[in-house]
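I have placed the structure first, in the form of structure tokens, so that the comments after it can refer back to it.
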Amino acid sequence: MSSIAVSSDHAGFALKQHLADVLRDLGHEVLDLGAHSADRVDYPDFGEAVGRAVAGGDADLGVCVCGSGLGIAMAANKVPGVRAAPVHDVTSARLTRQHNDCNVLCLGERLIGAEVAVDAVRAWLDAEFEGGRHEGRVAKLDALGE
Ligand code: RB5
């Protein structure tokens with residue numbers, strides 16, 4: 001089981017709450033970094049919070065939700081060591097773990113339904129980084145942030 005930091009802005013709040021419950025039910029430790037209500041907030045603050053938690057070792061992985069999954073991924077990716085990917089289907093979620101060693105999965109509440117989101121998170125968690133030919137490419141990604 002993993003320690004998973006979660007966050008959202010107002011537009012991703014309901015899905016973030018749902019995913020946090022699902023992750024707890026799966027036995028993961030959930031570090032909820034907000035938002036803690038659907039009041040209007042700024043997604044960069046919440047992408048940064050999860051990014052810093054993952055990069056700093058307070059969590060193994062992160063899940064972020066905003067309206068589109070895009071802005072919050074951009075924010076998380078500004079933190080060195082973070083490999084955040086916005087995904088809206090199960091295949092992308094699996095591939096971004098297997099090939100990119102994605103450590104922060106980002107979803108858009110306004111773009112996908114809760115069931116697809118849960119399936120995507122589960123596929124990402126169940127997948128494993130394949131290493132091999134992907135190892136050097138991921139190292140190059142990380143070097144870009146240094
Ligand atoms: C908020 O309206 C919306 O812009 C935000 O949730 C996100 O989609 C940004 O990328």
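The values are calculated or read from the model by the stated rules, or taken from the named source; none is laboratory data. This is a predicted model, so every value here is computed, not measured. In this analysis, Cβ positions are derived from the backbone assuming ideal geometry, glycine residues included, and neighbour counts consider all displayed protein chains.
The table below lists the values:
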item	result
Subset of the range 1-35 (residues that are within 12 Å of the ligand (Cβ to nearest atom), of a type in the set (A, V, I, L, M, F, W, C) and not in a helix (DSSP H, G or I))	Ala35
Subset of the range 81-127 [in contact (Cβ under 8 Å) with a residue 40 or more places away in the chain and either on the phi > 0 side of the Ramachandran plot or more than 16 Å from the ligand (Cβ to nearest atom) (or both)]	Gly81, Val82, Arg83, Asn100, Asn103, Ala114, Val118, Val121, Arg122, Leu125
Cβ pairs under 6 Å, 6+ apart, first in the range 66-80 and at pLDDT below 95, second within 9 Å of the ligand (Cβ to nearest atom)	none
Filtered residue count, the range 84-93, keeping only those that are buried (at least 19 other Cβ atoms within 10 Å of the Cβ) and not small (Gly, Ala, Ser)	2
Enumeration of residues in the range 1-30 that are farther than 20 Å from Ala127 by Cβ, crowded, with 19+ Cβ neighbours inside 10 Å and touching a strand residue (DSSP E or B) at 6+ places or on another chain (Cβ under 7 Å)	Ser7, Ser8, Asp9, Ala11, Gly12, Leu15, Lys16, Ala20
Residues being within 16 Å of the ligand (Cβ to nearest atom) and either more than 11 Å from the chain's Cα centre (by Cα) or surrounded by fewer than 24 Cβ atoms within 10 Å (Cβ to Cβ) (or both) - total across the range 54-75	6
Residue count for the range 83-125, restricted to those that are of a type in the set (A, V, I, L, M) and farther than 16 Å from Gly47 by Cβ	13
Single condition Asp142 does not satisfy, out of (1) of a type outside the set (A, V, I, L, M); (2) crowded, with 16+ Cβ neighbours inside 10 Å; (3) in contact with a Pro (Cβ under 9 Å, 6 or more places away or on another chain)	(2)
